[in-house]
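Read-outs throughout are calculated quantities, based only on the coordinates presented, and are distinct from any laboratory measurement. What you see is a predicted model, and the numbers here were worked out from it, not measured in a lab. Reconstructed Cβ throughout: ideal geometry from the backbone, glycine too, with neighbour counts over all protein chains shown.
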Amino acid sequence: MEIKSVGIVGAGQMGNGIAHVMSLAGYDVMLNDISDDALDAAMTLMAGNMDRQVGRGKITAEEQAAALARIKPTTTLSDLGQTDLIIEAATERETVKQAIFEDLVPHLQPHTILTSNTSSISITRLASRTDRPEKFMGFHFMNPVPVMQLVELIRGIATDEPTFSACRDVVARLNKTAASAEDFPAFIVNRILMPMINEAVYTLYEGVGNVQSIDSSLRLGANHPMGPLELADFIGLDTCLAIMNVLHDGLADTKYRPCPLLTKYVEAGWLGRKTQRGFYDYRGDMPVPTR
C-alpha cells in the first residue's frame, strides 16, 4: 500500500516534529490537538524551525512554503480517519492512548494503518484495543525529530508484513534509518538509555558526584554529546520516570527500580527544560545545577 496522507495525534514536541518531516517529504499531513492554541503554537514552531533550515541551505524557501501548506491543523480527531497512516504522539500514558484509538476506530478507512510513537508501552496491548491489530505497530521517532536519524519500528504480535513494509517505506522516504525492534518494554533505545540516566540519578542521590561532575564525566570521559542529567532534562523527567516504571513493572527486575530522587523531582513538578527546572535551573541566562 502506498501511503499518501498522514494523520498525527498530538501537536507537542514530538507531534510537531513528525509533522515537520512528513510534510517536507511530500505527505499531506493532518495535525490534531485538543486546542487551537496548541495547533497555532505548533505551526509557528515548525515555521521557525524550517526558517533555520532555509538559512542553512538545507531546504529552499519554496520547499518550506509547500511543506507548511501540506499541513492541515484540526481539533476534530475524527478528521484523521480519512488518512492512510495515523501516528499517535500523545502523552506517554497508556489510558490516554487507548482512549484515542477507541475514539478513532469508528472513523477509519479499511486500509488505514494505526501506529503509536510510544517510547515504551506494549504495542500488542495497544493494538488489542482496536479493530485492526494486524494493521497496528510502533513508530518511534527520536527527539528532536527533524535532526535525529533513527526510527524504531516495533511489530506487535499480530502486525502483518504489508503494514511493516509500508511503514519501513515511509522511513526511507524521510531519509531516516529504521531499526526493527521486538515488542518488549522500552524496545531498544530506551531499554539501554533510560537505565543509564536512572543510574546517573542514583549517582547523584548517593552523593558520588554532583550534577556538574556527573555530566562532565560522561561528556568528557565517554565522549557523550550531552551529560545524562542534562539529557534527562531535555527528554522530560516525567517521561524518564514513566519509562523506568514500564521497565520495572514489565520486566519485574529490581535493576530497573526508578531512583527515589527522580520520583521526588517529578513530584515537585521540576520536569526539566519544559518547566524551567529539573537537574538544572533554566530561568536565568545560563543553566545552573540544582544540586
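Listing for the model above:
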item	result
Crossing angle, helix 94-104 versus the chain [Cα axis fit, 0-90 degrees, rounded to tens]	10
Signed unit charges on C-beta, dipole axis of the chain, positive-most listed residue 98, 211, 68	211
Dimensions in Å of the range 15-129 - Rg and Dmax from alpha carbons	15.1, 45
Stokes-Einstein translational diffusion, the range 60-106 - Kirkwood Rh over all Cα pairs, 0.692 mPa s, 37 °C, in µm²/s	258
Under 25 Å between alpha carbons - lysine pairs in the chain that sit 8 or more apart or on different chains	15
Extension reserve of the residue 291-residue 252 stretch, reckoned as 0.36 nm per residue once the Cα distance is removed	11.0 nm
Label-to-label distance, nm, for residues given as residue 224 and residue 98 (7 Å Cα→Cβ offset)	3.4
Cβ-based net charge around residue 107, under 12 Å, with every Lys or Arg adding one and every Asp or Glu removing one	-4
Alpha-carbon centroids, the range 59-81 and the range 228-291: separation in whole Å	33
The chain, dipole about Cα centre (Lys/Arg Cβ +1, Asp/Glu Cβ -1), debye to the nearest 20	560
Pair residue 216, residue 40: separation of 7 Å Cα→Cβ label points (nm)	4.5
Summed residue charge, Cβ within 13 Å of residue 78's Cβ, Lys/Arg positive, Asp/Glu negative	-3
